[in-house]
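Novice: To start, I am sharing the structure in question, which I have written as structure tokens.
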Amino acid sequence: MRACEDSAAAGIIGQSQSTDGRPLTVLLIDDDASLCSGIRRKCHASGVKLLEAYNGSHGYRLAVEWMPDVVVTDLRMPMGQGEDVVDGLNHNPDLADIPVIVITGLTDRETHHKVQQLGVARILTKPFAAEDLIRAIHEVLHLPVPA
């Protein structure tokens, strides 16, 4: 697990904050190291606290421990698929209200329909720009989208 927070970002005007004024906390669950690296850089620049897990089981444990503002998860990973993570969050009363954004390289209609039935807030298809994810995070949390 990596807990990434750029202390220099705290002074940035327009820093990403949750509705209670604390830094926005995002849990990213994905086994693609290069994707995580790009998202990490953008989160640092946006003042977002990023927690990272590289498999679904670890990601779910981090969600329980940290209670992030939003969870971003891939669908296909070792040790716990994204669908399992979403299902676990939905069935835990303490986590059920956390919005989930699914990121996936799968483009078939059946997969997207199945994921939507889980009640996720948004689906982003890979590849996508890190800025698109930051925008989606702000939108699902009903926060102003950073310029």
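Novice: Is there any pair linking a residue in segment 39-51 that is over 16 Å from residue 128 (Cβ atoms) to one that is among the small types (Gly, Ala, Ser) and in a strand (DSSP E or B), with Cβ under 7 Å and at least six apart or on different chains, and which?
Specialist: Within 7 Å, the pairs are 51/3.
Novice: Residue 122 - would you say it is surrounded by fewer than 15 Cβ atoms within 10 Å (Cβ to Cβ), without any contact (Cβ under 8 Å) to a residue 24 or more places away in the chain and of a type in the set (Lys, Arg)?
Specialist: It is false that residue 122 is surrounded by fewer than 15 Cβ atoms within 10 Å (Cβ to Cβ), without any contact (Cβ under 8 Å) to a residue 24 or more places away in the chain and of a type in the set (Lys, Arg).
Novice: Check whether at least one residue in segment 101-120 is charged (D, E, K, R) and under 15 Å from the mean Cα position of the chain (by Cα), and report yes or no.
Specialist: No, segment 101-120 contains no residue that is charged (D, E, K, R) and under 15 Å from the mean Cα position of the chain (by Cα).
Novice: Is it fair to say residue 96 is in contact with a Leu (Cβ under 7 Å, 6 or more places away or on another chain), surrounded by fewer than 17 Cβ atoms within 10 Å (Cβ to Cβ) and either at pLDDT 95 or above or at positive phi (or both)?
Specialist: So residue 96 passes the test.
Novice: Something else about it: Scan segment 26-60 residue by residue and report those that are touching a helix residue (DSSP H, G or I) at 6+ places or on another chain (Cβ under 9 Å), polar (S, T, N, Q) and surrounded by fewer than 19 Cβ atoms within 10 Å (Cβ to Cβ).
Specialist: 57
Novice: OK, next. Hey, can you tell me all the residues within segment 46-64 that are farther than 16 Å from residue 35 by Cβ and of a type in the set (A, V, I, L, M)? So that I can check it myself, show each step before the final result.
Specialist: First, pick out the residues of segment 46-64 that are farther than 16 Å from residue 35 by Cβ: 46-47, 49, 57-58, 60-64.
Hits for segment 46-64 are 62, 63, 64.
The values are calculated or read from the model by the stated rules, or taken from the named source; none is laboratory data. Because the structure is a prediction, the values reported are computed rather than measured. As a convention, Cβ positions derive from the backbone with ideal geometry for all residues, glycine included, and neighbour counts pool all protein chains shown.
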